[in-house]
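Encoded as structure tokens, the structure appears first; notes follow it.
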Amino acid sequence: MSAYSLRVRLYRNIHVASTISSQHKCCGTGCALQNQSVSRWVIFLLALFASACAMRYRVWYGHSPDRLHRVEVVEKGGHQQIHIDGEPQRRYRGVALETIRFSEDSQHLAYAAKIDAGWVIVIDSTHSRPWAGIGEVQFGPDQRLAYVANDSGRWRIVLEGAPSPLFDAVMKGSLTFSPDGRRLAFVVAEGEGFRVVVDGEPGPLYQAIGALRFDPEGKRLAYVAKREGQQYLSLNGKLLGPFLSLADFTLGPNGRLGMLVRSDEAGWCAMIDGREGEAFDNLDTIHFSQGGRHAYAAQRDSLWFVIREGERSPGYSSVGELTFARESLIYQARLDKDAFVVVDGVRGPSLQRIGSLTTSPDGAHLAYLGQPWGGNISVFHDGAAHAVPRALDGTLVLSDDGPRWACLALNEARKSIEVVINGEFRRPFDLKELTALVMLAPNAPNAQHAKKLRRWVKAELEASPGVKY
């Protein structure tokens, strides 16, 4: 594990008055890839997109999250329009590709479009009043739509068609829904300071604000706030601290709170529900189980340890992907040259390298890509190994019930990337569409693209009939 940055990301970028350009003309062509890294794959496709133009009139295309609806942006006669499952929608002067959003249930489609009077938000074929510009567009977990709109040089948040008061600036990337979608918070700039607006109510003014988060139940809102050079945690409006430094925090279930803090020069401590733990040189994110148990990784000198409910594991060279599945604690570890997965303290087989861990929604099933010493890459699923020599790390998913798995892999016979389900090559994967996905958010982190990619693979898995390995 690389050292934790120990720095909370602050909201620094504001939405600017000019709306995202819609005039994208290129769509990359696909080709077979030879590596097993999703991040390298995404970088390659970005370069591919920048250098290749394929379709003269089809500007962009993709699918809904459930893969059941095809969406295309088509240009003709100087205008652009959305086609849904081949059915053309209204024509506009332009469509802002970066704003195209489906709701989580794939039932609603929204995007920004240009008309003579300005920019409008189109949702399910109806559009809003014109605005001077459109910024971030986002569906909440309950399928409500929120977006940032420029109104004569100032900014509003529009939630379900209802505009907020005007703000000088809304911080880019700060729109945050609660897990149930019922609450919305965001950060605004005011003069030389910043404040959080939650449920329409503005909070206090601070020098800086970062890491805006709701707890799993959506009842608590917390963020890091800086005032007079000192750091605090604002929890439902109450300030905790000050701290010499506050690196990160986690809101757990049933009111639990974990913070990574530095109160003096002795080192970094995990503060769980107000009680400071042992000091270490470095710490990683605190995790809570659904039942409220906690664990985190900590470094002292050259060794990493996993601290679970105050109990320390043996020392490792590195630790990664710590997570709870049900109440079981799972993580990757490396000791010298050997990599392995640890489940509730029990070490798995020694491997040369290990990919990302994935668990079923109920936490009862575990799968990951691993390469044995001197062997091929395999899918390790509930303890059984299935060889998939050209599998792409970061694409492995499990079915909702857990027994089936799928990933992307290179089919060397056909020189194509294909979906593999329970060890069988099932269908080719459309690299042009993946390039179009990257095109929507070219500056997004690789993890964001990989998450969407796994959703595609998961949709293909759930749509396929059961197959036995």
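Can you name the residue in segment 199-219 that is closer than 25 Å to G292 by Cβ and surrounded by fewer than 16 Cβ atoms within 10 Å (Cβ to Cβ) and, of all such residues, is farthest from the chain's Cα centre (by Cα)?
To start, the set of residues in segment 199-219 that are closer than 25 Å to G292 by Cβ comprises 211-219.
Within this subset, residues satisfying the condition of being surrounded by fewer than 16 Cβ atoms within 10 Å (Cβ to Cβ) are 213, 217-219.
Numbers: R213: 14, E217: 19, G218: 19, K219: 22 Å.
That would be K219.
Within segment 292-315, the residues that satisfy the criterion of being free of Cβ contacts under 8 Å to residues at least 40 places away in the same chain and not in a strand (DSSP E or B) are R293, D301, S302, E309, G310, S313, P314, G315. Set side by side, the residues G135, G153 differ, and just one is surrounded by fewer than 16 Cβ atoms within 10 Å (Cβ to Cβ) and within 20 Å of A96 (Cα to Cα), which is G153. Applying the selection to segment 65-81, what residues are under 26 Å from the mean Cα position of the chain (by Cα) and under 16 Å from V122 (Cα atoms)? Those that are under 26 Å from the mean Cα position of the chain (by Cα) and under 16 Å from V122 (Cα atoms): V71, E72, V73.
When you look at R91, is it without any contact (Cβ under 8 Å) to a residue 24 or more places away in the chain and over 28 Å from H69 (Cβ atoms), yes or no?
Working: without any contact (Cβ under 8 Å) to a residue 24 or more places away in the chain: yes; over 28 Å from H69 (Cβ atoms): no.
Against the criterion (without any contact (Cβ under 8 Å) to a residue 24 or more places away in the chain and over 28 Å from H69 (Cβ atoms)), R91 does not qualify.
Here's a check for you: in segment 311-330, which residue that is under 20 Å from L251 (Cβ atoms) and touching a Gly at 6+ places or on another chain (Cβ under 9 Å) is modelled with the lowest pLDDT?
Step by step, filter segment 311-330, then rank; the result is R326.
If you go through segment 79-90 one residue at a time, do you hit one that is closer than 24 Å to A463 by Cα, out of contact with any strand residue (DSSP E or B) (no Cβ under 7 Å at 6 or more places or on another chain) and either surrounded by fewer than 22 Cβ atoms within 10 Å (Cβ to Cβ) or among the aromatic types (F, W, Y) (or both)? The answer is yes, given that some residue of segment 79-90 is closer than 24 Å to A463 by Cα, out of contact with any strand residue (DSSP E or B) (no Cβ under 7 Å at 6 or more places or on another chain) and either surrounded by fewer than 22 Cβ atoms within 10 Å (Cβ to Cβ) or among the aromatic types (F, W, Y) (or both).
Mind checking whether some residue in segment 397-408 is of a type in the set (S, T, N, Q) and in contact (Cβ under 8 Å) with a residue 40 or more places away in the chain? If you could, list the steps in order and put the result at the bottom.
So the first thing to find is which residues in segment 397-408 are of a type in the set (S, T, N, Q), and the list is 399.
Subset that is in contact (Cβ under 8 Å) with a residue 40 or more places away in the chain: 399.
Yes, some residue in segment 397-408 is of a type in the set (S, T, N, Q) and in contact (Cβ under 8 Å) with a residue 40 or more places away in the chain.
Against the list (1) at pLDDT 95 or above; (2) touching a Gly at 6+ places or on another chain (Cβ under 7 Å), the condition A279 fails is (1). With a requirement of 3 or more residues that are within 21 Å of the chain's Cα centre (by Cα), the strands (runs of 3 or more DSSP E) lying completely within segment 374-469 that satisfy it span 405-411.
When the residues of segment 227-259 are narrowed to those that are of a type in the set (G, A, S) and within 16 Å of Q207 (Cβ to Cβ), which ends up modelled with the lowest pLDDT?
In the first step, residues of segment 227-259 are kept if they are of a type in the set (G, A, S); the result is 229, 234, 237, 241, 245, 247, 252, 255, 258.
Retained after the next criterion (residues that are within 16 Å of Q207 (Cβ to Cβ)): 229, 234, 241, 245.
Details: G229: 86, S234: 97, G241: 91, S245: 90.
Step by step, filter segment 227-259, then rank; the result is G229.
Does D151 fit the bill of being without any contact (Cβ under 8 Å) to a residue 60 or more places away in the chain, farther than 27 Å from G218 by Cα, in contact with a Phe, Trp or Tyr (Cβ under 8 Å, 6 or more places away or on another chain) and of a type outside the set (S, T, Y)? Yes.
In the set (1) in contact (Cβ under 8 Å) with a residue 60 or more places away in the chain; (2) more than 22 Å from the chain's Cα centre (by Cα), the condition left unmet by E160 is number (1). Scanning segment 159-174 for residues that are touching a Phe, Trp or Tyr at 6+ places or on another chain (Cβ under 7 Å) and either basic (K, R) or in a strand (DSSP E or B) (or both) yields F167, A169, V170, M171. Scanning segment 422-466 for residues that are touching a Lys or Arg at 6+ places or on another chain (Cβ under 7 Å) and at pLDDT 80 or above returns N422, W456, A459, E460, L461, A463, S464. Residues that are buried (at least 20 other Cβ atoms within 10 Å of the Cβ), touching a Phe, Trp or Tyr at 6+ places or on another chain (Cβ under 8 Å) and in contact (Cβ under 8 Å) with a residue 40 or more places away in the chain within segment 316-349 comprise just one, V319. No other residue among R334, R262, R308, R293 is within 29 Å of the chain's Cα centre (by Cα) and modelled with pLDDT under 95 apart from R262. If you go through segment 215-232 and keep only what is in a strand (DSSP E or B) and out of contact with any Asp or Glu (no Cβ under 9 Å at 6 or more places or on another chain), you end up with Y223, A225, K226, R227, Q230, Q231, Y232.
The set of residues from segment 175-198 being buried (at least 22 other Cβ atoms within 10 Å of the Cβ) and not in a strand (DSSP E or B) comprises L175, S178.
The values are calculated or read from the model by the stated rules, or taken from the named source; none is laboratory data. Just so we're clear, the structure is a prediction, and the values are computed from it rather than from any experiment. Here the Cβ is made from the backbone with ideal geometry for all residues, glycine too, and neighbour counts use every protein chain on show.
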